[in-house]
Amino acid sequence: MILYNLLRILLYFVIMILAIFNGKLLKFFKSRLFQKIGNDNFLNEEEEATLIHFSSVGEFNLSQELIEKILKSGENRKKEKVILSVMTDTGFSAVNKKYSENDNVKVFYFPLDDFFVLRKIYKKYKIKKTIIIETEIWPNLYYFAAKNGKLFIVNGRLTERKLKSYLKFNWFIKNTINRAEKIMVQSDFDKKRYEKLGISENKIKVYKNLKYSIKYNEISDEKKKYYFDTVLDKNKKIIVCGSTRPDEEKIWLEVLKKINQNNEYQLVLVPRHLERIGEIEKIILEKFSKKDYLLLTAIEKNKINLEAENKKEIVIIDKMGILTDFYQLADFVFVGGTLVNIGGHSILEPLFYGKKPIIGKYFQNIEEIVRDAQELGFIEVVENENEIIEYLKKSENVNTKRFFEKNNEIDKILNEIC
């Protein structure tokens, strides 16, 4: 620990010099290392705090149900308040938006594992429990968490790549992680990797991913009407391809060309990265004409109101943050990053909305969730265009309520913490 903090001091000197010439860097470190740390009557003498640390918006989203349950649990026993520590600016904004009016929650930027700032936070706020969402290893945070109370890792995940890098500093990493009272990981694979680091086996437990506890927003009737008035054709079977990666659009356009001889289908492409919109337009024009597709923002910018008979065969969603809107309106959903070797994106959103996801064979990033869905027949894995076409000829609705009930283990996680 001493060597770690000495190296940090040397790093500070380098950063200070660089920050003189870089305003963004200066702002980043100033907001995290020199933020106001004061009780501000947040706690009374009887109260203690639980600190929950996560990195970004993603970790915050999957932690919200856990946060709410911890806040409610305090109502039935000794009063407890929650401090939320977040690394990124977008995460900080999202957390503040949600909890700025809640007197039982205080939000901080994570102070970059600074020894002195963390010592001040733990002293001021009587933090008796610290919860790390997923696996971020911050030695000073772990030290103060264990020294002042109990440390828990929740939704822990350890990839083979991370394991290899941690093994190079095995003694230091092992001693840091072993400060945790309990480590709750997402899968048996993660458990075995922690054990390879030399973590005490009796500390590690496997619980389902916190993602199963997320409650996704449902689209309003007004928004549904807007989409059907402008871009979607309710008289056709709507195929939504979400988070698509390079080459996946080509596959789906070929499928559309083959299956849509009688104009029964409409294809909605939602690329993972918006900078690829121009590239996708060129791909479309190799097999279709300009009049066959439409960009969503063309409607919004030009205030075009299309009649039903003029709805386009292909719609490109060139706007962020609305993929789940289209999942809810789809007849078929494909989740990208699976027909090409990316590893797959989340299938939980379409499942939440009662849609059976279509995916390719490359789902290594979401393997545990895919296996859970396969047990109940709630996913369709395809390997080529012919298999896609055969499935699109079917009409299949699923009730996924049981899927989420079966896999939501947030109460078991909460019992471990409390």
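Observations on the model:
- Span from the segment 322-374 Cα centroid across to the segment 6-55 one, whole angstrom: 38 Å
- Two-site FRET efficiency, LEU167 against ILE9, from Cβ-Cβ distance with R₀ of 22 Å, rounded to 0.05: 0.25
- Rounded to 10°, Cα long-axis angle of helix 115-124 versus longest principal axis of the chain: 80 degrees
- Dipole magnitude of segment 78-198, debye to nearest 20 (Cβ charges: Lys/Arg +1, Asp/Glu -1, about Cα centre): 460 debye
- FRET efficiency, LYS393 to LYS69 (Cβ-Cβ, R0 35 Å, nearest 0.05): 0.20
- Residues listed by number, segment 234-270, amide nitrogen under 17 Å from LEU285 label point at 7 Å toward C-beta: 250
- Most to least packed among 311-324, 119-132, 333-346 [average Cβ atoms within 10 Å]: 333-346, 119-132, 311-324
- Across LYS106/LYS401; LYS237/LYS301; LYS162/LYS319; LYS36/LYS81; LYS234/LYS258, pairs whose alpha-carbon gap is larger than 23 Å: LYS106/LYS401; LYS237/LYS301; LYS162/LYS319
- Assuming charge only on the beta carbon of Lys and Arg (+1) and of Asp and Glu (-1), the dipole of segment 221-404 about its Cα centre is about 380 debye to the nearest 20.
- Taking 7 Å steps out from each Cα toward its Cβ at ARG402 and ARG272 produces label points 3.3 nm apart.
- FRET efficiency for the pair LEU25 and THR90, taken as 1/(1 + (r/R0)^6) with r the Cβ-Cβ distance and R0 = 22 Å, rounds to 0.80.
- Per residue solvent-accessible surface (Å²) - segment 80-233, probe of 1.4 Å: 49 Å²
- Accessible-area value, ILE183, 1.4 Å probe, nucleic acids and ligands omitted, Å²: 0 Å²
- Summarising the label geometry, the points placed 7 Å from Cα in the beta-carbon direction at VAL340 and LYS147 lie 4.9 nm from one another.
- Remark: segment 211-274 carries a charge dipole of roughly 160 debye about the Cα centre, counting +1 on each Lys and Arg Cβ and -1 on each Asp and Glu Cβ.
- Computed 3J(HN,Hα) for segment 327-342, one whole-Hz value per residue from the Karplus formula 6.51 cos²θ - 1.76 cosθ + 1.60 where θ = phi - 60°, is 4, 5, 9, 7, 8, 9, 10, 10, 9, x, x, 10, 8, 10, 7, 9, glycine and proline marked x.
- Diffusion constant of the chain at 25 °C, which comes from Stokes-Einstein with the Kirkwood Cα-pair radius and 0.890 mPa s, µm²/s: 102 µm²/s
- In this structure the amide hydrogen of PHE334, modeled in the peptide plane, comes within under 5 Å of the amide hydrogens of VAL240, CYS241, GLY242, ILE358, none closer than 5 places in sequence on its chain.
- Geometric extent, Cα atoms of segment 260-407 - Rg, Dmax (angstrom): 16.3, 47
- Relative to the longest principal axis of the Cα atoms of the chain, the long axis of helix 57-73 lies at roughly 60 degrees.
- For segment 111-210: rounded, prolate or oblate by the Cα gyration tensor [a/c cutoff 1.5]: prolate
- Label-to-label distance for LYS124 and MET1 is 2.1 nm, based on points extended 7 Å past Cα in the beta-carbon direction.
The values are calculated or read from the model by the stated rules, or taken from the named source; none is laboratory data. Every value quoted in this text rests on a predicted model; they were computed, and no experiment measured them. For neighbour counting, all protein chains shown are included, and Cβ atoms are generated from backbone atoms with ideal geometry for every residue, glycine included. What goes into the accessible areas is simple: the full protein's heavy atoms, side chains included, and nothing from ligands, DNA or RNA. Shrake-Rupley method; radii C 1.70, N 1.55, O 1.52, S 1.80 Å.
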